[in-house]
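Inspection log for the structure reproduced underneath, given as structure tokens.
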């Protein structure tokens with residue numbers, strides 16, 4: 001995974017907001033937020049809180065959704081995913 | 001609300017998929033899926049299942065996220081929202 005990607009899991013929201021803000025502060029011009037399934041809500045929250053409260057001049061460049069196939073105990077299953085690209089303008 | 005909008009709530013996923021498919025079958029060329037908070041995941045699922053399994057030739061035209069201010073028992077609170085525009089191509 002590229003090191004400008006923040007993969008959203010089950011940690012508290014602010015952990016991911018901090019991760020995004022840190023990437024930009026370290027000089028990255030673009031940060032990609034990715035999530036699957038229930039974590040999608042937290043990905044949207046992360047993008048909103050980061051851009052509204054911590055990062056002036058960073059915009060939502062692109063948002064895409066897709067379906068990933070994952071292996072579960074009961075065989076393959078489809079799960080929705082989201083990818084939000086933030087860019088320093 | 002425009003009648004080509006499907007607002008996602010707490011019903012089962014397939015209720016919303018059916019609503020989207022019905023709109024297109026009734027001749028709409030564009031359908032907007034909207035959700036707030038935890039329902040965001042179901043909005044993404046609705047878009048994915050509708051376009052992959054039921055609607056050939058319908059594409060995701062635009063996806064946007066924003067923050068809405070809502071009134072709660074404890075005063076105003078911010079909640080993330082998503083809007084997914086599907087379009088018959």
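Here residue A:27 does not fit the description of being more than 26 Å from residue B:47 (Cα to Cα), touching a strand residue (DSSP E or B) at 6+ places or on another chain (Cβ under 7 Å) and either at pLDDT below 95 or within 12 Å of chain B (Cβ to nearest Cβ) (or both). Taking (1) closer than 25 Å to residue A:45 by Cβ; (2) more than 12 Å from chain A (Cβ to nearest Cβ); (3) in contact (Cβ under 8 Å) with a residue 40 or more places away in the chain in turn, residue B:83 satisfies each apart from (2). Could you tell me whether the stretch B:49-70 includes any residue that is surrounded by fewer than 16 Cβ atoms within 10 Å (Cβ to Cβ), assigned to a strand (DSSP E or B), more than 13 Å from every other protein chain (Cβ to nearest Cβ) and more than 10 Å from the chain's Cα centre (by Cα)? Yes, the stretch B:49-70 has at least one match.
The values are calculated or read from the model by the stated rules, or taken from the named source; none is laboratory data. Small disclaimer: the values here were computed from a predicted structure and weren't measured. Positions of Cβ are backbone-derived with ideal geometry, glycine not excepted, and every protein chain shown enters the neighbour counts.
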